[in-house]
Amino acid sequence: MLIGEVSRRSGVSARMLRHYESLGLVRPSGRTGSGYREYAAEDIRRIFHIESLRSLGLSLREIGRALDDPGFAPSALVGDLIRETRDRIAAETELLTQLRRIQAADPVGWEEVLQVVALLQALGSKSATARQRAVLLAGDEVPVPVEALVEAALSETEPNVAGALRWALARSDEGAVALLAEGLRSPVAAVRERAVQALVELPGDEAAGQLRDALASPDVVVRGHAALALGARGVVDAVPVLVDMIVGGRNDTDAADALGVLASDSATADRIATAIVDRLADDTAGSAARGRLTQALADIPGTTASRALVELSHDEDRAVALTATYLLRFREAR
């Protein structure tokens, strides 16, 4: 078969076939009387083998070795190809992400593009000072991609930088809430905590709605942050979680303060007092937990809380009884 026919059937150009020949990859088995290259069936099979290996990303030099070295071990080369391909995909993915973030920032002119690039590079700096400076200087002067800010906030371990990132997110455009909500579902506990801490500082109903949903999170830390924030905003739905925090001794002082804020409404005050009384009656509540619950009644006005304190002043647990007696006297004096 002549070179033109081989090219037509194989899809490999005649020029490339000559190049293969110059490298010693394929040597036509014969020549016609006129000196034209003539390929045998075995030559054509080798061409298809070459093209198959090229499709895997092998260089022509590697292909020659693979086809001609009897001791060649394909597993090692395939392993190298897998690693190289993964590295290439990771690099291309990172580039694509950066380009999308630049596009999302909607820069005006190349100067702003360069500013966004500099900001993105600074956010990935190993220096905490550089990261914090970049966040604080951005915003008004440089359009900040929200996705980049959220990613940085969810991975930041330095407290001062994390605080700056949350501040920047609170001033950012829409989009941060949805991205942070995804962080709440992360399998990494630290990421979930950073996500809820950032949501706490975001204004608006959308952020508040995500915090309400977070009250049902299986992560006790996430529930706690959400409950404290919602309690400060007067959201009654936070009451059960706040009471749980007092029982568990997790930020119990802050939880009691939040209940005190919520208790400014008389109906809510009775609801809070009832919830505390119910937990006091729970046999699983230990002595320390009952003491904290009794103390939490201090800032809860209304007859329900007062009646509970009267009963608790006769409690079998001396520490609980003394606390209740003191709180009753304090309420009477006030």
>> Of everything in the range 44-82, what is of a type in the set (Asp, Glu) and either modelled with pLDDT of 85 or more or within 15 Å of TYR20 (Cβ to Cβ) (or both)? Give them in sequence order.
In response: GLU51, GLU62, ASP68
> When the residues of the range 61-78 are filtered to those that are exposed (fewer than 15 other Cβ atoms within 10 Å of the Cβ) and aliphatic (A, V, I, L, M), which remaining residue is farthest from the chain's Cα centre (by Cα)?
Replying inline: LEU67
> In this structure, does GLY249 turn out to be over 23 Å from GLU151 (Cα atoms) and among the small types (Gly, Ala, Ser)?
Replying inline: yes
> Are any of the residues in the range 155-178 within 19 Å of the chain's Cα centre (by Cα), over 26 Å from ALA232 (Cβ atoms) and either buried (at least 17 other Cβ atoms within 10 Å of the Cβ) or small (Gly, Ala, Ser) (or both)?
Replying inline: yes
> Considering LEU81, LEU25, which residue is in a loop (DSSP other than H, G, I, E, B), surrounded by 11 or more Cβ atoms within 10 Å (Cβ to Cβ) and out of contact with any Asp or Glu (no Cβ under 8 Å at 6 or more places or on another chain)?
Replying inline: LEU25
> For the range 210-238, which residues satisfy the criterion of being surrounded by fewer than 18 Cβ atoms within 10 Å (Cβ to Cβ), part of a helix (DSSP H, G or I) and among the small types (Gly, Ala, Ser)?
Replying inline: ALA232
> Is there a residue in the range 45-67 that is touching a Ser or Thr at 6+ places or on another chain (Cβ under 7 Å) and over 28 Å from GLY4 (Cβ atoms)?
Replying inline: yes
> Say we look at the range 1-17 and pick out the residues that are of a type outside the set (A, V, I, L, M, F, W, C) and surrounded by 15 or more Cβ atoms within 10 Å (Cβ to Cβ); which of these is farthest from LEU67 (Cα to Cα)?
Replying inline: SER7
> For the range 101-117, what are the residues that are free of Cβ contacts under 8 Å to residues at least 12 places away in the same chain and assigned to a helix (DSSP H, G or I)?
Replying inline: GLN103, GLY109, TRP110, GLU111, VAL113, LEU114
> Name the pairs whose Cβ atoms lie under 9 Å apart, with the first residue in the range 1-13 and without any contact (Cβ under 8 Å) to a residue 40 or more places away in the chain, the second among the polar types (S, T, N, Q) and outside any loop (DSSP other than H, G, I, E, B), and 6 or more positions between them or separate chains?
Replying inline: SER13/SER7
> Counting residues that are touching a Ser or Thr at 6+ places or on another chain (Cβ under 7 Å) and either at pLDDT below 95 or surrounded by fewer than 20 Cβ atoms within 10 Å (Cβ to Cβ) (or both), which helices (runs of 4 or more DSSP H) fully inside the range 239-334 reach at least 2?
Replying inline: 266-280, 287-296, 303-312, 318-333
>> Just checking, does the range 36-43 include any residue being aromatic (Phe, Trp, Tyr), at pLDDT 85 or above and touching a helix residue (DSSP H, G or I) at 6+ places or on another chain (Cβ under 8 Å)?
In response: yes
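The values are calculated or read from the model by the stated rules, or taken from the named source; none is laboratory data. What you see is a predicted model, and the numbers here were worked out from it, not measured in a lab. Note that each Cβ is placed from the backbone with ideal geometry, even for glycine, and that neighbours are counted across all protein chains shown.
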